[in-house]
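The values are calculated or read from the model by the stated rules, or taken from the named source; none is laboratory data. Computed from a predicted model, the values in this text were never measured in an experiment. Glycine gets a Cβ as well: all are built from the backbone with ideal geometry, and neighbour counts include every protein chain shown.
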Amino acid sequence: MGPLTERIDEDRTLPERVDVVVVGGGVIGISTARSLAAKGLSVAVCEKGHIAGEQSSRNWGWCRATHRDLRELELSLESLKLWRRIDEELGIDTGFRECGILYAADDAKALADHEAWLARAVAKVGRDALDSRIISADETAALITGASRRFAGGIYTPGDGRAEPQRAVPAMAAALRKRGVKILTPCAVRGVETSGGKVSGVVTEYGRIACTSVVVAGGAWTRLFAGNLDVDVPQLMVRSSVMRTAPLEGGPDVSACNHAMGYRKRLDGGYTIANAFRNYSDITPDSFRLFFKFLPALKSQLGALKLGFNARFFEELRRPRHWPLNRPTVFESVRTLDPAPVEAFNQRALDEFRAVFPALGAVKVEQSWAGYIDVTPDAVPVISGIDGTPGVFIATGFSGHGFGIGPGAGRLMADIVANDTPLVDPRAFRLSRFFDGSKIELDGGF
């Protein structure tokens, strides 16, 4: 079972017409709706399950600029600015705290990798835009309260923060509903209708909503949904495992990670802990369809990614890739993806946490869960209109970075939909990069 997410009231009462329908009630969909509404557009968000029911409530809760792919760095910095304002602007508590994030270096090589990233990042955005800095072994020890191990140093960003995934997006959605945004849940969108080559509406399980634009922000479901429009979104799913502990006294406030574990102090006094660089990928039919696009990523992740063949292969093999809109779909039969955690990965992270912080005593795990991360071949998201399909926009493939980058991504998506000056240059996020002959490049950020 996934983490306990704060719920908002259900609503299935469809508006007759809105300017934009957002498909998906995760952090990207809700952030997009927030920015669209701020531009004066009428918006309906359709979520097939409950708000933030999938990866938006299952992630670490980090909101960072540190070690971002350089193509995402400016958007990450803009997103942090938005995180700092959300609570005051909406009158809510997302749990956001500017606690700082530390990447601790286990050895000199790891420290050199941090130094190399920082040099490239400063060259990209300038020293004044980024407060990351390389710190010494003594400074690292002072930040990681109670650590028994001495690290070689690290890279520390005081302006990075954390928020509560199980609270943040539902709180944002509830506040937007009060401001006139239709938040429809549970309400699965079966597909998009077009007229004269342009979007004319969406068909939900409860009827039709007329609109001129659709933003598909369906996370792990986006490739399947877009495929019914004959839009090819190269995206696979990676299963990430996480756990939370009971409250602990005397632990560090800074969020941190090393080669084996990452952690975040929660508002309840416990810690969210995960294996920093180990994930699991089910082999599916799409693994073969997209093999060559993902081959560079697969090579780069050797040793960090475990592949497995299981029942999901046959489930997806039997699943229709095109369907009529007048019959129930998989979006109604599978309301929430709730995969089992890989306990071996969680145990490795827990063992490392206990080894680093033995003074914390018996660390009690209260819950473990997993979620499916939507990944692209270059681990950079798609935030893009669709060439040849006016009115359809895609925001997906955040590759494990979506929670922290969500507010900025939503703002950029809204800028593209409204044809306004974009928050940052969107070229790196265009869907067409996977089909126009551009080389698939992996930045090497974490």
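Structure notes:
- Flag for residue 276 being in a helix (DSSP H, G or I) and closer than 24 Å to residue 409 by Cα: no
- Within region 40-53, considering residues that are in contact with a helix residue (DSSP H, G or I) (Cβ under 6 Å, 6 or more places away or on another chain) and not in a loop (DSSP other than H, G, I, E, B), the one nearest to residue 415 (Cα to Cα): 43
- Selection of region 360-378 for residues being small (Gly, Ala, Ser) and modelled with pLDDT of 95 or more yields 368, 370, 371.
- Any hit, region 60-72, residues being over 23 Å from residue 275 (Cβ atoms) and under 19 Å from the mean Cα position of the chain (by Cα): yes
- Positions within region 229-274 being over 22 Å from residue 362 (Cβ atoms) and without any contact (Cβ under 8 Å) to a residue 24 or more places away in the chain, in sequence order: 230
- In region 142-163, the residues that are over 21 Å from residue 64 (Cα atoms) and either of a type outside the set (S, T, N, Q) or buried (at least 22 other Cβ atoms within 10 Å of the Cβ) (or both): 146, 147, 149, 150, 151, 152
- Residues (of a type in the set (Gly, Ala, Ser), within 14 Å of residue 236 (Cα to Cα) and either touching a residue at least 60 places away in the same chain (Cβ under 8 Å) or part of a helix (DSSP H, G or I) (or both)) located in region 279-312: 287, 297
- Hey, residue 341 in contact (Cβ under 8 Å) with a residue 12 or more places away in the chain, buried (at least 20 other Cβ atoms within 10 Å of the Cβ) and either part of a loop (DSSP other than H, G, I, E, B) or of a type in the set (A, V, I, L, M) (or both) or not: yes
- Single residue of region 410-446 satisfying the filter (charged (D, E, K, R) and in a helix (DSSP H, G or I)) that is nearest to the chain's Cα centre (by Cα): 411
- Checking each residue of region 25-39 against the condition of being among the β-branched types (Val, Ile, Thr), modelled with pLDDT of 95 or more and part of a loop (DSSP other than H, G, I, E, B) gives no match.
- Meets criteria (modelled with pLDDT of 95 or more and basic (Lys, Arg)) for residue 149: no
- Failed criterion for residue 325 (all others in (1) modelled with pLDDT of 95 or more; (2) within 23 Å of residue 345 (Cα to Cα) hold): (2)
- Matching residues, region 211-229, being polar (S, T, N, Q) and under 20 Å from residue 57 (Cβ atoms): 222
- For region 293-313, the criterion of a residue being surrounded by fewer than 20 Cβ atoms within 10 Å (Cβ to Cβ), aliphatic (A, V, I, L, M) and modelled with pLDDT of 95 or more is satisfied by no position.
- Residue selected from region 179-202 under the condition touching an Asp or Glu at 6+ places or on another chain (Cβ under 6 Å) and over 19 Å from residue 396 (Cα atoms), by the criterion surrounded by the fewest Cβ atoms within 10 Å (Cβ to Cβ): 200
- Per-region count, region 85-112, residues among the hydroxyl-bearing types (Ser, Thr, Tyr) and touching a Ser or Thr at 6+ places or on another chain (Cβ under 7 Å): 1
- Checking each residue in region 61-88 for being crowded, with 16+ Cβ neighbours inside 10 Å and free of Cβ contacts under 8 Å to residues at least 12 places away in the same chain picks out only 87.
- Selection from region 89-109 of residues that are more than 18 Å from residue 162 (Cα to Cα) and crowded, with 19+ Cβ neighbours inside 10 Å: 105
- Checked against (1) at pLDDT below 95; (2) out of contact with any Asp or Glu (no Cβ under 9 Å at 6 or more places or on another chain); (3) within 15 Å of residue 233 (Cβ to Cβ); (4) of a type in the set (Gly, Ala, Ser), residue 399 passes all but condition (2).
- Neighbours by Cβ (under 9 Å, 6+ apart or cross-chain): first from region 141-167, under 17 Å from residue 353 (Cβ atoms); second β-branched (Val, Ile, Thr) and assigned to a strand (DSSP E or B): 143/135; 154/134; 154/135; 162/101; 162/272
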